[in-house]
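Here the structure is laid out as structure tokens; the discussion comes afterwards.
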Amino acid sequence: MLRRNKRDKDNKENDVEPVIGAAVERKRPMTKEDIQKMNLKKKTRKRTRKFEIDGVTVTTTTSKVIYRDEESETFYDEQYFRKQELRELKLLQKQEQKQFQDLALKNQSFKDQQEKRFETEMVSCVKQYEVDLQNMVETQKKQVDKCEQQQHEDLRVSSKRMRQEQEKELKSFRDSLKQEMKMIKHEVELLPKDRRKEALRIRKDQLEREHVDRERSFVERLNESHESAMKRLSDTHKERVALLDRQFLQQKQQLMRAREAAIWELEERQLHERHQLAKRQLKDLFFLQRHQMLVHHEKELDHLKRMMERREEEMIKNQAVERRALPKRIRAEMKAREMMYRESLRISVTNLHEAITPTEEKDRFKKFQEAEKKRYRAEQQRFEMKHSKQLEEARAGSQAAVKELEQLQNEKRKMLMEHETTKLKELDEGYSRELKDWKADLKPRKQSLEDEFQLQLEEQEKHYGHYLTAALQAERIRSSRENGNDSLRSKQSRMFNESIISGTSSVDRRSGKSVDRKSSGSDYSGSGSRKSSSDRKLSGKLSASRHSLLSRGSDL
């Protein structure tokens, strides 16, 4: 009978084809208890879809076996949970892509705004210096035109004045010639009367020829002096114009140097700001990556903990089912063993022809029952120990998996930080190389600019010739004289101050009167204060005169 029941159970096990979900992993053949537990939780879910293909309505029905808990009415399908987790990860990935796109657009907009600002600053800087240069050129033209007009006016006025003076000189010269003619007449009148006429004619012709020659030479000298004076005045004006043009050229070159220096400073500042923006954007990018990594790690850790909790709950529920089924199974085994024991007693008595009294049979059966109770308790203890050990192993495995995941996540964060440090270092090195190349390229640019300025100065010297050389030499002599005068005046003021101080000290030494020290001290202090005030006034006048001379020299 027992063998037939066992064979029927095996047949049922072979006939049933259980659907095993991913939440329940089986590595051994399923027993009857496993099948019963799965049948308790098994539920079939059907889905029907209707759609049209080429005008024909097609209906499809799909069925899926899921498992539920009788107490909480919660369905456990590990594949469903996994799909949900993958859906959450996919949504998180989309959010991360959206954040990266937003950050890229934001960084690009910042770069565009920075480039527009740099271009505006460069254009405004160049335009400002161009306006200043244009104003300087216009001022130069006006001053040169004014100087030329002044030159023409000075030439005209000087020529007129000299002509007037020469007219006076010529008139006085002619008067002197007339006077000589009168003197000859007086001399001739002293001769005898018969010789007067012939002598007067001869002397008059001779004097007239001399007068013509002398007047011609005098007029020539006057013309030569007029031309030389006009030439000197013209040369002076040309030297002044050349010096003025040289000053304007130097001012123009200085303005161009200032413009190039401003452009170079602006370029260097723009390089630094570009580097700072790139560095800040790189830090923002890695900050976003760190934030996304933390969110991703938290999600992974949450998924792992939930999976471990589900497995633990599943194990606890399976253990509860096994714990509820254990008394029934043990009672069935006890009944079967009791029947087998009774049958063995009957067979032993029949075969051995032993006479057992009911009291002995009752004692034997009582001992058997006590042994069975001990075995039942031992089985219960073993069962409880097995369950507790399984639960501890499951919890230890969960903690080890969580710890391993956290260690892996810490390594990933550390690698990300190292990668950020490497990228920042590469960015700084690139900026250093770029700045070094820019500075290396700056030296030839400065040299080419100075060569151009030198060429302009040489062309100007070729254009004006000796006029510019003479004007520069005169300007140097004048500046050296002014510097010498300033040094002489400062030396004289120092000597004057020293003489005043020495005079006061000699007066102090000579005064041998017996006066009160307090009164004498007060008198000396008062005189000293008055003298010091006079010295300050004198030094103030000297400094003011020196300042006016320097300002006049700069104007020149």
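A short reminder: the numbers here are calculations on the coordinates, not readings from a lab. Predicted model only: the values in this text are computed from it and were never measured. Neighbour counts are summed over all protein chains in view; Cβ atoms, including those assigned to glycine, are modelled from backbone coordinates with ideal geometry.
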May I ask for the distance between the Cα centers of the stretch 230-283 and the stretch 83-110, given as a whole number of Å?
-> 52 Å
Given a Förster distance of 25 angstrom, what is the FRET efficiency for LEU282 paired with CYS125, based on the Cβ-Cβ distance and rounded to 0.05?
-> 0.30
Between ALA401 and MET415, 0.36 nm times their residue separation minus their Cα-Cα distance comes to what?
-> 2.9 nm
Assuming R0 = 60 Å, can you tell me the calculated FRET efficiency for the pair ILE53 and GLN292, based on Cβ-Cβ distance, to the nearest 0.05?
-> 0.85
Between LYS231 and LEU301, what is the spin-label point distance in nm, taking each point 7 Å from the Cα along the Cα→C-beta axis?
-> 10.3 nm
Rg/Rh for the stretch 254-307: what does it come to with C-alpha atoms and Rh from Kirkwood?
-> 1.57
Per-residue ³J(HN,Hα) for the stretch 357-370, Karplus 6.51 cos²θ - 1.76 cosθ + 1.60, θ = phi - 60°, Hz, x for Gly and Pro = 6, x, 5, 5, 4, 5, 5, 4, 5, 5, 5, 4, 5, 5
Once phi is turned into ³J(HN,Hα) by the Karplus curve 6.51 cos²θ - 1.76 cosθ + 1.60 with θ = phi - 60°, what whole-Hz value does each residue of the stretch 384-393 show in order, with x for glycine and proline?
-> 5, 4, 5, 5, 5, 5, 4, 5, 5, 4
ASN223 to SER158: FRET efficiency via 1/(1 + (r/R0)^6), r the Cβ-Cβ distance, R0 22 Å, to the nearest 0.05?
-> 0.90
What ³J(HN,Hα) values, in whole Hz, does the Karplus curve 6.51 cos²θ - 1.76 cosθ + 1.60 give for the stretch 87-95 when θ = phi - 60°, with x put for Gly and Pro?
-> 5, 5, 5, 5, 5, 5, 5, 5, 4
Label-point separation (nm) for GLU372 and LYS142, each offset 7 Å from Cα along Cα-to-Cβ?
-> 13.2 nm
Could you give the length gained on full extension between ARG382 and LYS106, defined as 0.36 nm per residue of separation minus the Cα-Cα distance, in nm?
-> 92.7 nm
Zone reached by a paramagnetic label modelled 7 Å from ILE263 Cα along Cα→Cβ, restricted to the stretch 131-158 with backbone N below 15 Å, covers 131-134
